[in-house]
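Since the structure comes first, as structure tokens, the remarks are kept for the end.
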Amino acid sequence: MSDPQIGRRALLRGAGGLAALAAVPSLAACGTGTSRASAGGGKGGGKTVIIRDSGGSYGAALQKAVYTPFTQETGIGVKVLNLDDAPLLAQIKQGRPQCDLINNSMMTHLKYVKQGALETLDKDRLKSLKSAKIPDNQITDHAIGHSFYGQCIGYRTDAFGGKKPESWADFWDTKAFHGGRSMVSPDGDLPELEFALLADGVPMDKLYPLDVDRAFEVLTRLRSDIKKFWDSGPLPGVLLSRQEVTMSTVWDGRLADLQKQGVPVERQLNGMRRQFVGYAIAKDAANVDGAYQLMNFALRPESQAALAKAFPSNPSSPVAYAKLSEGERNALAGAPKYYDKGFDADVDWWLKNETAVTKRWLEWARG
């Protein structure tokens, strides 16, 4: 996996697998807790803290913006573990996790909580929560949201005779906005039912609980114009640059590199769906103290701003945006001028309905 968005692929593919692991406590895990505990100094702390992240360009940005400065300030080393959810959960359930801190989607963290796989947080140890003014809805008993990624419209600016799409209704309007479309598959992200409902006139603040039947009726209207379902972050940009489609759903930061290359593409943030990524501490982590220290450092507004400069990551801290230049700030979907254009995915609704919706989506796509 190369970034947190792609990490959704493992999450969605493993939705049943996480639950199944609860019934297979003997599943072999990588490494042992014994060596971790002795090397890390036990729960009291240690000279190395191990964090799970998804690697790739996102991991490189974290190293530059967060891990290296943290080590320089504290003297505590940071070791990175790139591990999918199923084997990590198996390790935790055996009481010997190979990481201390977990960087993953807030939805995944909630799934871990249902498996008893995360420590309950002592928020008094996270002084950055106040200084960063982390929104209350991104602070839970087991995880803290540090950033989000947005799903929005990407389109070719040369495709519609000077017109530009302003809404999901325009995405569905293939007469006024000619050309093929691309939308996500469940291997890439949550099915895009919200966008269908917005296209059909449902107000953004009235989306949940989702009317699944209505959403699929609206999706069916567009089905013949969907040329491909994308399953990885770069693919919408590839399809747009090759002119295989004129519009696609896309993760908000994915078009920036194409724009620098001169490809005539742009994003439309009206109706953007936000999904948050956060930190949590593995149950029975060997270095809980180090995990708290790294989490606290990473949640600082300065750290969130530094990460946003290195990677198209939208900080959860409103204070972080003030530490960016106007150009840097307005390149982010989380900038104050854009924030009200989007909505937060209802994680509780999706946790209850994800499996059934995904099954129905697969049947719909095949039909």
How big is region 250-367 by the Kirkwood estimate over distinct Cα pairs, in Å? 17.1 Å
Expressed in nanometres to one decimal, the distance between label points 7 Å along Cα→Cβ at residue 346 and residue 158 is 4.3 nm
Could you tell me what percent of the accessible area of the chain is made up of carbon and sulfur, with a 1.4 Å probe and every protein chain present? 50 percent
List the residues, sorted by chain then number, that are 5 or more residues from residue 230 or on another chain and whose placed amide H is less than 5 Å from its amide H. 183, 184, 185
Please work out the Cα center distance from region 80-145 to region 225-255, rounded to the nearest Å. 31 Å
For the chain, percent of DSSP beta bridges that are antiparallel (nearest 5) comes out at 60 percent
I need the phi-derived Karplus couplings for region 191-199: 6.51 cos²θ - 1.76 cosθ + 1.60, θ = phi - 60°, integer Hz, Gly and Pro marked x. x, 9, 5, 4, 5, 4, 5, 5, 4
With 0.36 nm assigned to each residue of separation and the Cα-Cα distance removed, residue 226 to residue 60 gains 56.4 nm
Taking 20 °C and 1.002 mPa s as the conditions, I'd like the Stokes-Einstein D for region 191-337 in µm²/s, using the Kirkwood hydrodynamic radius from alpha carbon pairs. 118 µm²/s
With contacts defined as alpha carbon pairs under 8 Å and 6 or more residues apart, what's the relative contact order of region 59-199 in percent? 12 percent
Between residue 206 and residue 337, what length comes free when the chain is fully extended (0.36 nm per residue of separation minus the Cα-Cα distance, one decimal in nm)? 45.0 nm
Between residue 68 and residue 241, 0.36 nm times their residue separation minus their Cα-Cα distance comes to what? 58.7 nm
Counting other Cβ atoms within 10 Å of each Cβ, which GluC sites (Glu not before Pro) in region 189-276 have at most 14 and sit in a DSSP loop? 244
Computed over region 91-169: relative contact order in percent, which uses C-alpha pairs under 8 Å that are six or more apart: 24 percent
HN-Hα J couplings of region 145-156 from phi, Karplus 6.51/-1.76/1.60, θ = phi - 60°, integer Hz, Gly and Pro as x? x, 10, 6, 9, 10, x, 9, 8, 8, x, 8, 7
Each residue of region 230-240 in order: what ³J(HN,Hα) in whole Hz does its phi give by Karplus 6.51 cos²θ - 1.76 cosθ + 1.60, θ = phi - 60°, with x for Gly and Pro? 8, 10, 8, x, x, 4, x, x, 5, 5, 5
Would you list, by chain and number, the lysines whose Cα falls below 28 Å from the Cα of residue 64, excluding same-chain residues fewer than 8 positions away? 43, 47, 79, 123, 127, 130, 133, 260, 283, 309, 323, 337
Alpha carbon convex hull of region 220-267, projected area averaged over orientations, nm²: 3.4 nm²
Under a 5 Å amide H to amide H cut-off, with H placed in plane at 1.01 Å, what residues pair with residue 81 once short-range neighbours are removed? 51, 52, 53
Add -39500 (n - 2.57) for each DSSP H run of 4 or more in the chain, then divide by its residues: what number comes out at 222 nm, to the nearest 500 deg cm²/dmol? -11000 deg cm²/dmol
Cα gyration tensor shape for region 97-240, rounded if a/c is under 1.5, else prolate or oblate: prolate
When the dipole is taken about the Cα centre of region 97-165, and only Lys, Arg (+1) and Asp, Glu (-1) are charged at their Cβ, what size is it in debye, to the nearest 20? 380 debye
Could you do me a favour and compute the accessible area per residue for the chain, 1.4 Å probe, result in Å²? 41 Å²
Give me Rg over Rh for the chain, both radii from the alpha carbons and Rh done the Kirkwood way, two decimal places. 0.98
For the chain, averaging the sequence separation of alpha carbon pairs under 8 Å that lie six or more residues apart and dividing by its residue count, the contact order in percent is 27 percent
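The values are calculated or read from the model by the stated rules, or taken from the named source; none is laboratory data. Source: prediction; values computed, not measured. Glycine gets a Cβ as well: all are built from the backbone with ideal geometry, and neighbour counts include every protein chain shown. Just so you know, the surface numbers come from the protein's heavy atoms only, side chains and all, with ligands and any DNA or RNA stripped out. Shrake-Rupley method; radii C 1.70, N 1.55, O 1.52, S 1.80 Å.
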